[in-house]
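Student: My questions will all concern the structure given below.
Read the figures in this text as sums done on the coordinates, not as results from a lab. Keep in mind the model is a prediction, meaning the values are calculated, not measured. Note: ideal-geometry Cβ built from the backbone for every residue, glycine included; neighbour counts use all protein chains shown.
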Amino acid sequence: MPFPSPPRTLARPRRRSLLVSAAGAALLTGCSSGADDSGTTGGSESAAEHARARAASDSEALLRHYDTVLAAHPTLAPRLDPLRAEVVRHTTAFGGIGSTPSATTTASPSTTASSTAAPETEGDALAGLAAAERSLADRRAKALLDLPGELARLLASVAAAGAAHAYLLTERAK
């Protein structure tokens, strides 16, 4: 006795339902991007500006951490200079002022405890930088959920770059 064929509704979605779903998704995407580009309420602009300022401040603190490690371990410069240059670009993208070209600037007194003194060994210094990059990337990934379009995309991109930096700092150390 042959098995009966399954009902048609379980076989696969119909072409019409796929087209309707795709059209609905396109409409939703169009509506959401238009809302982001047009003026928003003062409260959300204030939240976005606060998030941008926070991101710039975080990038400046990370830049000071790189500078402290480079000052203590100048032999790491060929390895850290490209990553540091990216952090400078991130700081500038968020409107920060930490875009100094010199890698030998000293940390200001207002820096965090993690960036006031570099570890004695290069391996520990790289691990500290990797931990700082990873922590900041995680905080940024969580924060971008509440931000409007373009700022959320920028924060997501910078968070992904920070995660890649953490990977590069730990992978090469092995």
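Student: Taking the Cα-to-Cβ direction at A53 and at A77 and moving 7 Å from each Cα, how far apart do the two end points lie in nm?
Tutor: In this crude spin-label approximation the distance works out to 3.6 nm.
Student: What is the sum of charges, Lys and Arg at +1 and Asp and Glu at -1, for the other residues whose Cβ falls under 14 Å from the Cβ of A93?
Tutor: Local net charge: +1.
Student: Tell me, what is the FRET efficiency for D124 and S46 to the nearest 0.05, using R0 = 30 angstrom and their Cβ-Cβ distance as r?
Tutor: That pair, D124 with S46, gives E of 0.15.
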